[in-house]
Structure formats: structure tokens, C-alpha cells
1. B:L175: assigned to a loop (DSSP other than H, G, I, E, B) and not small (G, A, S), yes or no?
2. Out of the residues in region D:33-51 that are among the hydroxyl-bearing types (S, T, Y) and assigned to a loop (DSSP other than H, G, I, E, B), state the one that is farthest from DNA strand F (Cβ to nearest atom).
3. For B:H63, indicate whether it is in the same structural domain as B:G46 (by TED's automatic domain parsing) and surrounded by fewer than 20 Cβ atoms within 10 Å (Cβ to Cβ).
4. Kindly establish whether A:L59 is touching a strand residue (DSSP E or B) at 6+ places or on another chain (Cβ under 7 Å) and either within 14 Å of another protein chain (Cβ to nearest Cβ) or within 16 Å of DNA strand E (Cβ to nearest atom) (or both).
5. Report yes if some residue within region B:39-58 is of a type in the set (S, T, N, Q) and crowded, with 20+ Cβ neighbours inside 10 Å; otherwise report no.
6. Being more than 16 Å from DNA strand E (Cβ to nearest atom), on the phi > 0 side of the Ramachandran plot and not small (G, A, S) is the requirement here; does B:E95 meet it?
4 protein chains.
Amino acid sequence: MSFSSVRQYAGPMTTETTPVSRAERKKQELRREIIETAFDCFAERGYHATGIADIATRLGIGHGTFYRYFQNKRDIVDHVITDLVETVVAALAAENAPEAVSSLAEYRVQSARIGDVLGVILGGDPRVARFLLLEAAGIDAEMRERVLDFYETAAQLTAGYLHHGVNLGYLHADLDVDSTARAINGMIIAAVLTSLRDPGPDAQARMSSAIRRVMYDGIAVRA
Amino acid sequence: MSFSSVRQYAGPMTTETTPVSRAERKKQELRREIIETAFDCFAERGYHATGIADIATRLGIGHGTFYRYFQNKRDIVDHVITDLVETVVAALAAENAPEAVSSLAEYRVQSARIGDVLGVILGGDPRVARFLLLEAAGIDAEMRERVLDFYETAAQLTAGYLHHGVNLGYLHADLDVDSTARAINGMIIAAVLTSLRDPGPDAQARMSSAIRRVMYDGIAVRA
Amino acid sequence: MSFSSVRQYAGPMTTETTPVSRAERKKQELRREIIETAFDCFAERGYHATGIADIATRLGIGHGTFYRYFQNKRDIVDHVITDLVETVVAALAAENAPEAVSSLAEYRVQSARIGDVLGVILGGDPRVARFLLLEAAGIDAEMRERVLDFYETAAQLTAGYLHHGVNLGYLHADLDVDSTARAINGMIIAAVLTSLRDPGPDAQARMSSAIRRVMYDGIAVRA
Amino acid sequence: MSFSSVRQYAGPMTTETTPVSRAERKKQELRREIIETAFDCFAERGYHATGIADIATRLGIGHGTFYRYFQNKRDIVDHVITDLVETVVAALAAENAPEAVSSLAEYRVQSARIGDVLGVILGGDPRVARFLLLEAAGIDAEMRERVLDFYETAAQLTAGYLHHGVNLGYLHADLDVDSTARAINGMIIAAVLTSLRDPGPDAQARMSSAIRRVMYDGIAVRA
DNA sequence: GATGAATGAGAGTTCATTCAT
DNA sequence: AATGAATGAACTCTCATTCAT
């Protein structure tokens, strides 16, 4: 199981260099299972409340085996996060290059599609968003910085789209691209957080629509 | 010390029912000091890495004394959060009632003022935002729900402003008030997160301005 | 219990600054009991085979309590060694100052007395010698150096006696005092090691007598 | 590598029954390499801090292979000790039979030669002495007894020389041969221990000379 | 015969909590 | 009311040993 609905987006795990020998393949498989099971446990009880023994027991392996694959408890959560982030980023980047767009209308379509993808990823397995947005940063200071890094990366990604729009003339020429990208991402975060409380597709659609309304037209009545 | 710059906004602590006897007053005082010191420790090393003994030692009291004021470790962090949330909410609510506004121009002024207040509160003591937005939700499932509750409350607060604007006609009549409120709050969260990485006033001002630009006019060039 | 027969020699523990409060006294008492019980355990099963839990259980305290008194397992063995060394040194130093001797005859008497004292100390509780001479150095590199330091100190002590004898003229004027002291101490070590295998008083007396014979007259027939 | 300087004394390893087949010879070779590498590791980090994996890795073999050659960790250290002891004993016994001596002058020469040999063996590779004298006995009770056995054997060896001297009349007729032998060996131990701290040839020569002075003439001025 | 993946007993250590003083 | 000594559950992590490949 695990966040399997996400898998269809060709996450990073399927693109890894295929190992040669059968033993090596088995090893990679177990390594992957440990990461997934660890995520299951962390998502269920939280990082601090999860013991290595919990992960091992749930997987049916000895807990000493865990340490053959990961240095320590901190190491595994790092890999879990890396995995999740790569999955999300891969899903978002696929077929959504800024350059594929050349008009406002196309941009609206693209942003709607990105919204849908996010909805499928994060709606498909709410634990992913919950863990990345709400729990990860509380693990320790280093992880907090990683989460902030993640936001930073996302801001640059979004800024790319805005920049493209400014260049092509369908977005305001004097846009503060960087700050605006952050603001837009903030709305996306809000949508994701909302979906954690109200996971239904209606609420999601309404958020998506509200964000696009604000984003393109603003809320103010025109003079 | 502590998040003292926030204090000037008449946080909840000064509005509590004043106790009578001198002993009672002393007790309340220590209780307050424990909450503040606990926040200091949590902000510095994180909730899980902080021991009750750390708090007690830093305050110069026996760690048995702690348990005369709070049930357990979980209890104190609940109080710390309550305190922080009330402080922030109080600061935002003060003199910023939705009803005080009757035109778009006034609303612009008011939202700029709210932005300034947020800047002072969260810029004055970055630990407050860091703890509320990044660490609190990772403590356990219950706390995570509290944080989501907090976002919910904030959404309703913002929705109040929007509703007022729609009623008075300076905001779009067909605005999905609830969802839009969440989206706008998302931008505010983004601004706060940005300030954690780049605490300078410039970045803050740019975010504030970008948010208002998006909010009122959107990013799209008018037809 | 513990190496109690040694106690009569006024080991270091009775000369410590007496604490004031009753609680403080209790604490010092427990601290001492832990040291003694740790020695019991180490002597019985060896340092590495002894767990903190063993010490605590035998003493009837929780094993968490141990860590209120000593930093870690390494810390306690350091204190055990310090205790043993101080006890032995104190016993040897008592009433046996080099200056108290002014002739070969007196020196013979004094060295016999020192031999007796050693016999009582180490014969009284063979575990002391066994631990100091045979097991301690195997704990780790640092402890090994401490043991070598101990030998060094003992050499200097013995050298003091020889130097006095040379000055007073009853020992060879051209004696290599330092090396000879080490050699003599080696014989004492041999005596102690012998007593570990053959603890009877006869073997001890024979060693003592053989050492003095070698020491004063050598083994060679005079020309 | 390893305590190779010792090898020239025709240690026990070259006198073993030569195996027949090539495969068998290879096996014996690896067995020997494991013993030597184990000693390298034990000498470097101590017995308890050394893992089977350390030995195997350093040798470039799988650590499962280790168990094809030795029963367990305890087994290998037993072999290491046996090896070291045999090497030392062989070196001492070679060309130094008690019967080869027939006068005090010759005995002096022989004992000086034995001292030299010891110096070469133990000075050549200080790890041998350090491990035998300081660390081995701390491994466990059984090994401690083996070390004491070793001292016992050495005492009997030395006693043989003394006995010979008494019989031939150049040593005191009433010598307590057994105890005196132990005492003399104690001085040798002291010399070896000294060389561990001060490995220079000077200190060694001084100890050697001091021991012979004490041994033959004693320290006391003649009446 | 060689390997190294798997194992789990067991180690040291921490810390929230209790309660006698 | 304040204290801090005592506690033991629970944790992370190591490593000697086994055994299927």
C-alpha cells in the first residue's frame, strides 16, 4: 500500500538505475519497503512516537535488519522526506513546463491542470500532505530547514511560470515575480491544508476556483 | 524577555481575572514565568528535545515544582500554544473590526495596517511564527488538529472582512467568501514563512505589497 | 562488606570532608555503596560482563538511580579504581616514611613491615590485587595508562626509600635508584601475583623472605 | 606487518606439521593470517572493542568466513595468546639451556643474553608485551588464569636456572629456588612494563643492569 | 568453501513522573 | 508549597552468530 495512488505519476523510485544481480535487486526492494513502512508508521503515530521496532515489526523483519539499511532513525526519515518531495515535484513537473504556454488562456488551463494533479496526489493520500506540511518541520531544526528549502524551491518553480507570462505580456509587466510566486504558493498551501480538514472533492474544487479567481482578477470590483 | 515585543498588544495575560491574595498573585506570576520559559526552551531546542528539567533549571526552580503548576509536559505546551494564539489573535483583532471599513480605499488601508501588525508581531519575535507554523503541528495528532483549528479560526476571521466588503459592494458579489478567505490567509502564511528565511523589512514589505496587488487586482493584464 | 578488611587502614573514604545535611550524608552514603557494589560486580564477573542493571539490582536500587550518581559505566570504574589505589597507597604510606629509618637494620624492619601491610591488604581481599593488577588494564587504553601511571607512582615511592638509604650510606652509593626501585617493585608485584594463585600465608612469607634476601644480598655466592 | 620482528626467533608457526595438499596449505595460511590480523586489531583497539567484522574487513574476507576457521570470538583470542606465548617462550629457550652454564661468570653472560633477547622481542613490537601483560588478563576469568599459568611456567623456567646454579655451587645453597625465581621474574616484568612507557634503549639497558646488580649482589653495602 | 543478509538478545542511557521530606 | 531523589519504561543501537545462497 503506502501512498500508492501517487505511484502512477512515475515517482523517483521507478526511475532508479536498475541493479544487476538478483540479490542486489532484493536488497533494493527491502530498502524501498522499509522507507514505505517507515512512512506508514510516521504518518500514523508521528515521528517521535514511532520506534525502530515498530517499523521492523510491521514489516516482519528483525529490528537489527533495519540498521543494515539505514544508519539510524534520523536517516530513515530523511529518506522518507526525500522520497515524498521527489514524488510531488516529479508529478508537478511532468508535462507542465512553463514554456508550453503562450497565452493567458493556455496558462489558465495549465494552472487548472496543475491544481488537478495536486488534488490527485494529495487528495489520493492525505498522509503525504499532512506529513510534509504539518509534521516534518517539527522533527528537528535541520528538518525544519529542509521544509523551508522545499518552499523555496517551490517558489522558484512558480516564479518560472510568472516570469514566462511577464515576458509574453499576458501578466503585469511590473509584477514582483518572486514575491508574487510565494504568495500564490501560499494559496496552494492553504488549499492543501483545507483538503486535510475537508477532504471532499467539492471543497477542493471551490478552493481551486477561488485561488484562480483571486490570482487572475483579484477580489476587488473594477472601478 | 520572551516574545515581549508582542506584549504591547495587550495579550491575553493582562486581561485574566486578577487574583486577590498576595500568595495567589505570586503563584500566577510563577505560572506565567513557567509558560514563558517553556516557550523559550521549546523555541530553542524543540518540544521533544526539551526536558522538564531544562525548563525548571533555566527558571531556577526545582523540577518537582513544575508539576504543581502543570499536569505534565503535554499540558504546558498546550498552554504555551494557547498563549501564543491568543496573543496573535488579540493583536489582529484590536482596532481592526470589519465594520470600521466602508469603502475599498478604507479596506486597503485597513489590510495594510493588519499587515504591519503581523509584521511587528512575527518580525519582532520570529520564534512565535516558527513555533506556531512549523513546529507545533509535529508534536502529536491532537496538537496538529489544534493548529488546523487555528487556521480555521483565522479563515473565519478573514471571511468576516470579505463578507463585509461584498455586502457593501466593493468586493465581487459572487465571491466564494469562505474559500477566498482561506486563499488570502495562505498568502499571509507565505509571507510569514518568507520572513523566517529572510527577516529583513524589505522582503517583508515586498511580500505585503505583492499580496495586496494579487488580492485586489490579480496578476493578469486586463483585456 | 566489600574489601572491608582494608578499611581498618583508614582509607581515603574516612578522610573526606564530612557533609552537613542529613540528606547530603545519605547521598554520600549511597554513592559509596554504589562504588563498593560496582567493585563487587566487576571483581566477580569482570568489567565488560557487568551491566549497570547488575549493580543496581544487587544494591536494590533502580538502575536509573545509578545515573544520578555517576555519568556512565566508564565513570564508575574510574571511581572504583581511584578508591582502590588510594586505599592501597594510604595503607602503605601510613607510618612508613623513608625518613623514619636511619640504618640498614631499621630499613630491613621497615620493609618487612611494608611487606606485612601489603600481605594484609591484598591477602585480606584478593579481589583488590586481582582487579588492579590483572583486569583493570584490559578495560580500555585510558585505563591501561592509569595502571601504568600507578606503577610509575609506586616506583617513585620506592625510589624515595632507596635514595634515603644511599644518602645515609647503607645502600650502594652508585645505585641506579630509579631503575632499582622499579626492579624491587617488580618483585613485589610478583609476590602479589603469587598470592593470587597460592593465597596461603606460607607462600606469602616465603616470597617476602626471598625478596628481601635477593634485595639485600643478591643470590650470588660471595667471591 | 604483525609482530614480525619476533618471527626471526623461529616461533611456533614454522615448526607446525607441514600440510600436504595445496588447498590444505592455503587454508593454513589463511588461518595464520586471521590470527595475525586479529592480534593487530586487538592490539589496536582492545579485545572488547574489536568486532569480528573488523578483523574480516581488514583482511578482506567475509566475516562469515571467519567462522569457518575459528569457533567464535573467544576462540580466536585464545589462539592469538597461544601464538604469542609460544613465540616468547621459544625465543627465550633457544640456545639458553641452563645446562650450558657452569660458572657464575657464564651465568652472568647468559642472563645478559636473555635480557637482550627479551629486549629485542618486546622492544621490537611493544604490542606483544602490552597485550600479554596488560590486556589479556582483563578479557575474562579463564584468560586471567591462562596469564597466571604463563607466569607459573616462566617461574619454573627461571627456577631451572637457579637450581642449576645452586647445584653447581655458584648460587647460595640455601636459596628458596621457587620463590626467588618468581621474584626475579617480577623484576623482568618490571623491566618490560618500564619499556612500555619509556621504549628507548637507554632505559632498557639501565633496567637490565639494575636487575643484574640487585640479583647478584643485592643493594646493601657489605658489612 | 566463501559469503554477507538476517537476526535478536542485550547493552547503555534518558527522562517524565511520583512522592517522601 | 517546594524540592529533588528515586524510578523503570522505553528508547536507540551494536554485534556475535547462523545459514541460505
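1. It is true that B:L175 is assigned to a loop (DSSP other than H, G, I, E, B) and not small (G, A, S).
2. D:Y47
3. yes
4. no
5. Taking every residue of region B:39-58 in turn, at least one turns out to be of a type in the set (S, T, N, Q) and crowded, with 20+ Cβ neighbours inside 10 Å.
6. Considered against the rule, which asks whether it is more than 16 Å from DNA strand E (Cβ to nearest atom), on the phi > 0 side of the Ramachandran plot and not small (G, A, S), B:E95 comes out as yes.
Let's see how each residue does on (1) in contact (Cβ under 8 Å) with a residue 12 or more places away in the chain; (2) surrounded by fewer than 21 Cβ atoms within 10 Å (Cβ to Cβ); (3) facing chain C (nearest Cβ under 8 Å):
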{"residue": "D:Q156", "(1), (2), (3)": "yes, yes, no"}
{"residue": "D:H164", "(1), (2), (3)": "yes, yes, no"}
{"residue": "D:N185", "(1), (2), (3)": "yes, no, yes"}
{"residue": "D:A220", "(1), (2), (3)": "no, yes, yes"}
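Here's the yes/no breakdown for (1) more than 11 Å from the chain's Cα centre (by Cα); (2) away from DNA strand F (no atom under 16 Å from the Cβ):
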| site | (1), (2) |
| --- | --- |
| A:A53 | yes, no |
| A:Y67 | yes, no |
| A:D75 | yes, no |
| A:E106 | yes, yes |
| A:A112 | yes, yes |
| A:V117 | no, yes |
| A:R130 | no, yes |
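The values are calculated or read from the model by the stated rules, or taken from the named source; none is laboratory data. Remember, predicted model here, so these are calculated numbers, not experimental data. Cβ: placed from backbone, ideal geometry, glycine included. Neighbour counts: every protein chain shown.
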